[in-house]
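Here the structure is laid out as structure tokens; the discussion comes afterwards.
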Amino acid sequence: MNPFIKNHKQKSIFVTAGYPKLDSLAGQIKLLEKYNIDFIEIGIPFSDPLADGPTIQKTSEVAIKNGMNLPLLFEQLAKIKTETPLVLMGYLNPVLTYGIEKFVSSCKDCGIASVILPDLSFEIYARFYKSIFDQYQLPISFLITPQTETERIEKMVTQCKESFIYLVSDNSTTGTDSEMNLNECRLKSIYALMDNTPLMIGFGIKTKSDIEKVHQFADGAIIGSAYLRALEVGTENAFLEQL
Amino acid sequence: MNSTIDTHIPDEMGFYGEFGGAFIPELLHPNVEELKTVYSNLKNDSSFKSDFLKLLSDYVGRPTPLYRSEKLSIEFGCEVYLKREDLNHTGAHKINNALGQILLAKKMGKVEIIAETGAGQHGVATATACALMGLRCKVFMGEIDIERQAPNVARMQFLGAEVIPAVSGSRTLKDATNEAIRYWINNPNSYYLIGSVVGPHPYPQIVADFQSIISEEIKKQLFEATGNMNPTKVIACVGGGSNAAGAFYHFYDQPEVELIAVEAAGLGLGSGKSAATSILGKPGVLHGSKTILMQNEFGQVTEPYSISAGLDYPGIGPLHAHSITTGRTIGVSVTDNEALEAAKSLSKNEGIIPALESAHALAALSKITLNSTDVVVVNLSGRGDKDMATYINHFTV
Ligand SMILES: Cc1ncc(COP(=O)(O)O)c(C=O)c1O
């Protein structure tokens, strides 16, 4: 059964593995569980995060300096016991270097519910990697934007039946300062394409009211940079409290 | 499956063998698709082609000479020709691609152009093309490169471009490229004028096509000079690999022509301060394509080093990754010092001050086996004005 629930308004938080300290992840997951976060995205730090704004760039840099890497992340994950679905999110290069099949199998071993690889397109996934994910029954989740063509969305929706579709709210890198900008009409038409696949919205979500807005159009809201900024200054409890 | 014939033509998804493709966030999908469609329509459009060729002849000053160097021919005991890309307007091969892409951008109705630059040559070429066409220009350049290539920064600004320092990561070409791509994500209406045969498909193909004029001319000029269109060897330096792609292009399907790609060894291959990607790198994904990449054991991209800012890049174009892997192209590496000596020697003996990048190609003449029947073309990709501070500093202290 899909651990990401359709028609249930979810809240999700993104944290960079190895940030702020090398071994912060276990404590972070505990904390997020305490605040009833529905699922957690764990960022695999990369030296060149193309789609990310300054906040995630910085947390990635700190995490790499702290010594975070994929073998270590899987070691940490193997020891973490949680009921909350975990999603790994990271750029392709560290994954390819680790070995794609080994990565998929390690995800399975650690109970990872889904993975998001932002620089892996649906088309390249289908050509080179789908067979491996299928073999291990690890469901991938794809990013779409309001500009993604209907035909492609439909293909991704079928692929992501056991995971979710991640709609990027705006054409921007992560963590922008601007007001969240949702085109209601387009969102409704996208939601109509989802069938039973859950739709989550992320990028640029900062406040409780952003989340409420997102919940009108989607099954969940994902918060990344805003939480990491709170974590940086030690106000993560207060931040989670007000969500 | 004939790798000799097909090396330089990617498949439908942009793959040259296992390398290439478009590894991009979904956010860039519409931009890249639009570019693919527009380019495939214009590629064989005769008026687009003639506009491009007219600019190359009237504005850039093409064809550039194929100059037989008497001194180098005597020194190496074979025929040595220099393809004088340094004589192009703005002083390097980069203008060929900048003008081709600016025509594309115009056709797409774009009003803002963005570019990354390392040595500043591509930035200057882009700023020039934008000035010519009346388009707004933003050039991303690593903070460290801004310091070491100051004359080119001044040129870009004088041409009306805005130079934006890349302050993230290692603050060189790799990071300038990251910043340009991020800006492109946030401003999808801008046109990203990439400077080498790197990036997501179709960029490597577009840039190689526009630079292929170099080998097209070599063939004609060599035929006029020798009665044979094919040299035995073509030598070019590789940063991302655009001048090499251009110089090799029409020879890929001529198996008797040896193609030699010269990478920067920096302080030496084992020194930890090098940019010899094809030797030190492993397959990986950066800036939208799968290629050979300098990276650590965990897949973090490592910082390359070369005295030459234009060769200081941790990847190479997927076309080169493929053709080096299959053995069609031979990789050679040249250290900072070898390049500096080659630059000095060409300056003293021929009265030509080469760019530091091009000096790497020249230095490769001493690193390969040559015999009296060889006819060698070295692609002199650019002139050395921008490197005078480095040359003076090195040879007078
Ligand atoms: C004169 C010159 N040659 C070569 C290069 C390297 O680029 P590429 O490998 O794309 O030709 C540069 C880059 O700045 C350059 O300025």
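The table that follows gives values for the structure above.
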item	result
Translational diffusion of chain B, µm² s⁻¹ [Kirkwood Rh, Cα pairs; Stokes-Einstein; 4 °C; 1.567 mPa s]	63
Summed buried accessible surface, chains A and B, 1.4 Å probe, nearest 100 Å²	3000
Long-range tail of P(r) for segment A:9-136 (Cα pairs > 25 Å, %)	21
Contour excess over end-to-end distance, with Cα ends at A:K79 and A:R152 and 0.36 nm allotted per residue	22.5 nm
B:Q157 versus B:T326: modelled label distance in nm, points set 7 Å from Cα along the beta carbon direction	4.6
Computed over segment A:10-242: relative contact order in percent, which uses C-alpha pairs under 8 Å that are six or more apart	21
Centroid-to-centroid separation of segment A:131-172 and segment B:232-260 [C-alpha atoms, Å]	40
Under 11 Å, Cβ to Cβ, from A:Q10 - net charge with Lys/Arg +1 and Asp/Glu -1	+1
Share of carbon and sulfur in the accessible heavy-atom surface of segment B:128-272 [1.4 Å probe, %]	54
Unit Cα scatterers, Debye sum, chain A: log10 I(q)/I(0) for q = 0.07, 0.16, 0.18 Å⁻¹	-0.20, -1.20, -1.59
Beta bridges by DSSP in the protein assembly as shown, antiparallel share as percent, to the nearest 5	20
Helix-only mean residue ellipticity at 222 nm for chain A, each DSSP H run of n ≥ 4 adding -39500 (n - 2.57), per residue, nearest 500	-11500 deg cm²/dmol
Surface accessible to a 1.4 Å probe, per residue, for the residues of chain B, Å²	34
FRET E, pair A:S189, B:R68, Förster distance 45 Å, beta-carbon r, rounded to 0.05	0.10
Average beta carbon contacts from partner chains per residue of B:203-212, 10 Å cutoff	0
Net length gained if the chain between B:S271 and B:T226 were fully extended (0.36 nm per residue, minus Cα distance)	11.9 nm
Residue-averaged beta-carbon neighbours from other chains (10 angstrom radius) around A:92-101	5
The protein assembly as shown, dipole about Cα centre (Lys/Arg Cβ +1, Asp/Glu Cβ -1), debye to the nearest 20	360
Candidates A:K79, A:K30, A:K161, ranked by Gaussian network fluctuation over chain A, Cα under 10 Å, top entry	A:K79
Net charge of Cβ neighbours under 15 Å - reference A:F128; Lys, Arg +1; Asp, Glu -1	-4
Test item: Cα-centred dipole of chain B, Lys/Arg +1 and Asp/Glu -1 on Cβ, debye	580
Relative contact order, percent, chain B [alpha-carbon distance under 8 Å, six or more residues apart]	20
Alpha carbon centroid spacing (whole Å) that separates segment A:1-59 from segment B:26-85	47
Among B:V238, B:Q157, B:Q121 - extreme Cα towards positive end, dipole of chain B, charges at beta-carbon	B:Q157
Potential extension, A:A26-A:D134 segment - 0.36 nm per residue separation minus Cα distance	36.0 nm
Any cysteine of the protein assembly as shown lacking a neighbouring Cys Cβ under 4.7 Å - listed by number	A:C107, A:C110, A:C160, A:C185, B:C78, B:C237
Computed [θ] at 222 nm, helices only, for chain B once each DSSP H run of length n ≥ 4 contributes -39500 (n - 2.57)	-12000 deg cm²/dmol
Partner chain coverage, peptide B:285-297 - average Cβ within 10 angstrom	4
Cα centre as origin, Lys/Arg/Asp/Glu Cβ charges: segment A:10-242 dipole, Debye	340
Virtual spin-label span in nm between B:S40 and A:K65, 7 Å along Cα→Cβ	4.6
Debye equation applied to the C-alpha atoms of the protein assembly as shown, log10 I(q)/I(0) at 0.07 Å⁻¹	-0.45
Radius of gyration, Dmax [segment A:73-151; alpha carbons; angstrom]	13.2, 41
Spacing of the two label points (7 Å from each Cα toward its C-beta) at A:A238 and A:N7, in nm	4.0
Efficiency of FRET from Cβ geometry, A:E123 and B:R136, R₀ 45 Å, rounded to 0.05	0.90
GNM flexibility winner over chain B from B:I213, B:I114, B:I74 (Cα, springs under 10 Å)	B:I74
Qualifying lysines (Cα of each under 16 Å from Cα of A:K108; at least 8 residues distant if same chain)	A:K79, A:K81, A:K130
Cα lying deepest toward the dipole's positive end in chain B, options B:S345, B:S212, B:V139, charges on Cβ	B:V139
Net charge of neighbours whose Cβ lies under 13 Å from the Cβ of B:V376, counting Lys and Arg as +1 and Asp and Glu as -1	0
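The values are calculated or read from the model by the stated rules, or taken from the named source; none is laboratory data. Note that the structure is a prediction, hence the values are computed from the model and not measured. Neighbour counts run over all protein chains shown; Cβ positions are idealised from the backbone, glycine included. Accessible surface areas use protein heavy atoms only, side chains included; no ligands, DNA or RNA. Shrake-Rupley method; radii C 1.70, N 1.55, O 1.52, S 1.80 Å.
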